[in-house]
Structures are given as structure tokens and as C-alpha cells.
Amino acid sequence: MEFDPASLRYNDQGLIPAIAQDAASGEVLMMAWMNAEAVARTLDTGRVTYWSRSRQAFWIKGESSGHVQTLVEMRVDCDRDCLLIQVCQEGPACHTNRRTCFYTAIRDGAEVELMAPMV
């Protein structure tokens, strides 16, 4: 059965959350938004493409930074309203130059920085 991006459940803005995960390590790297066209572009090109809500434009991860995400596999959750994007990540995934956007933990009521920028 051929996949149709329109079969996914998008929110009122036509977007679906996409969680990027390192395919080799299982590490959760980041979360961003996709619309149906970004899903289709990602599947067609193998370069992970998101929708920027602030710029109202597509962005191919790593296009300007060089920190490319290459698609390994796209998975759809049971409710069809969230995507797991398994990727091969080159360099940091976060715009703060950290490996992951999830670099802060809350421990004993305090925020703790878990990692410094890579660059």
C-alpha cells in the first residue's frame, strides 16, 4: 500500500510534530513541525525537511549549518498524529550547537545543563 501524506492527522495549522531520533544510538535529537509537503519532500529527497512556523517557509535541516539530517526511516504513531524521523545526524542537531535540543534536565527542582555546545 502506497503511503499518502494526506492520510496523517495534522493540527489546525496543517502541521504534525516530528521527533528526530538518531537511528544508530536511539538518542532523541529534536522536535520540529512538518506539513504534508515537508513530509513528501523528506520522503522524496532523503533530506529531512521541516516547516518553520516563524519564517512560514520550508527548511532543510543542515542547509545553512552543514549539520545535515539524512532520513533513515519515517515512522507514524498509532494515532497518525506524530512522526518519528530516524536520521543519520551530521554534527549537532540543536541550533545552540549541542548534539540534542534536550540538553537541560530538571533535577530536585533545579534546571541542570547536561552538555555544552559541540562547536
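Can you name the number of the only condition in (1) touching a Pro at 6+ places or on another chain (Cβ under 6 Å); (2) under 16 Å from residue 28 (Cα atoms); (3) without any contact (Cβ under 8 Å) to a residue 60 or more places away in the chain that residue 91 fails?
Unmet for residue 91, out of (1) touching a Pro at 6+ places or on another chain (Cβ under 6 Å); (2) under 16 Å from residue 28 (Cα atoms); (3) without any contact (Cβ under 8 Å) to a residue 60 or more places away in the chain: (1).
Kindly evaluate residue 105 against the criterion of being in contact (Cβ under 8 Å) with a residue 60 or more places away in the chain, more than 14 Å from the chain's Cα centre (by Cα) and exposed (fewer than 15 other Cβ atoms within 10 Å of the Cβ).
On the way: in contact (Cβ under 8 Å) with a residue 60 or more places away in the chain: no; more than 14 Å from the chain's Cα centre (by Cα): yes; exposed (fewer than 15 other Cβ atoms within 10 Å of the Cβ): yes.
No, not satisfied.
Go through the stretch 74-96 and report how many residues are farther than 14 Å from residue 17 by Cα, polar (S, T, N, Q) and either in contact with a strand residue (DSSP E or B) (Cβ under 9 Å, 6 or more places away or on another chain) or surrounded by 17 or more Cβ atoms within 10 Å (Cβ to Cβ) (or both).
1
What pairs can you find where one residue is in the stretch 43-55 and over 17 Å from residue 14 (Cβ atoms) and surrounded by 12 or more Cβ atoms within 10 Å (Cβ to Cβ), the other is modelled with pLDDT under 95 and not hydroxyl-bearing (Ser, Thr, Tyr), and their Cβ atoms are less than 7 Å apart, with a gap of 6+ or different chains?
48/61
Which of the residues spanning the stretch 97-118 are basic (Lys, Arg) and closer than 13 Å to residue 22 by Cβ?
The first filter runs over the stretch 97-118 and keeps only residues basic (Lys, Arg), leaving 98-99, 107.
Correct list: 99 only.
Can you name the residue in the stretch 16-67 that is more than 21 Å from residue 81 (Cβ to Cβ), in contact with a strand residue (DSSP E or B) (Cβ under 9 Å, 6 or more places away or on another chain) and basic (Lys, Arg) and, of all such residues, is modelled with the lowest pLDDT?
Going through the qualifying residues, I end up with 61.
So residue 65 passes all but one of these: (1) out of contact with any Leu (no Cβ under 9 Å at 6 or more places or on another chain); (2) buried (at least 17 other Cβ atoms within 10 Å of the Cβ); (3) among the hydroxyl-bearing types (Ser, Thr, Tyr). Which condition number does it fail?
Of the numbered conditions (1) out of contact with any Leu (no Cβ under 9 Å at 6 or more places or on another chain); (2) buried (at least 17 other Cβ atoms within 10 Å of the Cβ); (3) among the hydroxyl-bearing types (Ser, Thr, Tyr), the odd one out for residue 65 is (2).
How many residues does the stretch 29-52 hold that are assigned to a helix (DSSP H, G or I) and not polar (S, T, N, Q)? Steps first, please.
Start the filter on the stretch 29-52 by keeping residues that are assigned to a helix (DSSP H, G or I), which leaves 36-45.
From what's left, not polar (S, T, N, Q): 36-41, 43-44.
Number of matching residues: 8.
Would you check if residue 64 is farther than 18 Å from residue 88 by Cα and out of contact with any Lys or Arg (no Cβ under 8 Å at 6 or more places or on another chain)?
No, not satisfied.
Among (1) under 22 Å from residue 89 (Cβ atoms); (2) surrounded by fewer than 16 Cβ atoms within 10 Å (Cβ to Cβ), which single condition is residue 32 missing?
Looking at each condition in turn, residue 32 falls short on (2).
The values are calculated or read from the model by the stated rules, or taken from the named source; none is laboratory data. From a predicted model like this one, the values you see are computed outputs, not experimental measurements. Glycine gets a Cβ as well: all are built from the backbone with ideal geometry, and neighbour counts include every protein chain shown.
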